1. According to a simple spin-label model (label point 7 Å from Cα along Cα-to-Cβ), what is the distance in nm between Glu101 and Lys273?
2. So how much slack lies between Gln262 and Asp161, counting 0.36 nm per residue of separation and subtracting their Cα-Cα distance, in nm?
3. Tell me the per residue accessible area of the range 1-151 using a 1.4 Å probe; a whole number in Å² is fine.
4. For the chain, take N as its residue count and report Rg(C-alpha) divided by 2.2 N^0.38 Å.
5. Given labels modelled 7 Å from the Cα in the Cβ direction, how far is it in nm from Arg213 to Val180?
6. Could you pull out which residues in the range 95-127 have an amide N less than 12 Å from a spot 7 Å beyond the Cα of Glu142, following the Cα-Cβ vector?
7. In the chain, if the dipole is taken from +1 on Lys/Arg beta carbons and -1 on Asp/Glu beta carbons about the Cα centre, which of His181, Ala123, Ser150 is farthest to the positive end?
8. For the range 29-97, just list the percent of Cα-Cα distances falling in each 5 Å bin from zero outward, please.
Amino acid sequence: MSLQPPVFPAEPTRFALTKIAITRLSGQDRVKYLQGQVTCDVNALQPGQSTLGGHCDPKGKLWSDFRLLCLEESLLLLTTPSVLERQLPELKKFAVFAKVEIAADERHATGLAGKGTDAWIAAQFGLEQSGLIAGGMAVQIEQDRWLLVSSEQADALPAGDESLWWGLEIKAGLPHMEAVHQGEFIPQMLNLQALDGICFNKGCYMGQETVARAKYRGANNRALFLLAGSASEPVNAGDTLEIQLGDNWRRSGMVLNAWQHQGQVWLTAVLPKDTEADARFRLKQEESSQLTLQPLPYELTE
């Protein structure tokens, strides 16, 4: 069976993104406060700009990865909803000492993807790259794929199945942690250094020593990989992958995100960095499943 990856729609299509939670930071200390909490350089962002990043515990293990949007009067953290129960209290822990308010945001995220989406964005908002729009922001993820926060102009576009959006995120090698992953990974295990989600000269933040050690002392031996193959049973975040070693199978890593369609599955998983390109995998809960590595659309860096 030939592998069919998630493909872009033939026309601009909107996706209601129910699996994104938006947390708003406001107040005059919002930038300074978040700068001391996360891996990315918050100070460097101007209104209308966006970055990926990670929020770590003191040992450098991730509470969450996120996409950060910089608006005129606030910062928006976009995460999966499941991480908030543990992540939000950690984010708020020192807020009492700063002029910052941290709360759920009432806006919603909408994905736009399909041939001609770049042109549609340019016609609607006059944007050729990420920028501010009325009541929010438009973020260009890749060619013909955008993320909108608080935009009603997309309502006229045909609606697509949300799962396809997450399939395109997987194909792009972008991580989205769930609660089951909290405390498991340092940021480099999700390739955040290759996705411009880590600034190594920004100064102190929670977990910085571990993140720096992984870069400068080679202390990290795992990375995010893209795999595809067949599976008939549902695949979920946190499922165990096994690698074939001769006639035997051995635990190799954990599924981060998965997209399934007509018996095929595309997924991201954290595996040993030295995994051979021709390695064969299966899901522990389904011995008949078959998975192989696929090329990432970016270069892995340390």
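The values are calculated or read from the model by the stated rules, or taken from the named source; none is laboratory data. Small disclaimer: the values here were computed from a predicted structure and weren't measured. Please note: Cβ atoms are built from the backbone with ideal geometry, for glycine as well, and neighbour counts cover all protein chains shown. Accessible surface areas use protein heavy atoms only, side chains included; no ligands, DNA or RNA. Shrake-Rupley method; radii C 1.70, N 1.55, O 1.52, S 1.80 Å.
1. The two pseudo-label positions are separated by 4.4 nm.
2. Working: separation 101, 0.36 × 101 = 36.36 nm, distance 1.45 nm.
In short, 34.9 nm is gained.
3. Numbers: 6800 Å² over 151 residues.
Heavy-atom SASA per residue in the range 1-151 reads 45 Å².
4. Working: Rg = 19.3 Å, N = 302, 2.2 N^0.38 = 19.3 Å.
After normalising by residue count via 2.2 N^0.38 Å, the value is 1.00.
5. For the pair Arg213/Val180, the computed spacing is 2.9 nm.
6. So the set is 114.
7. Checking the options against the dipole of the chain, the answer is His181.
8. Distribution as computed: 3, 16, 30, 27, 17, 5, 0 percent.
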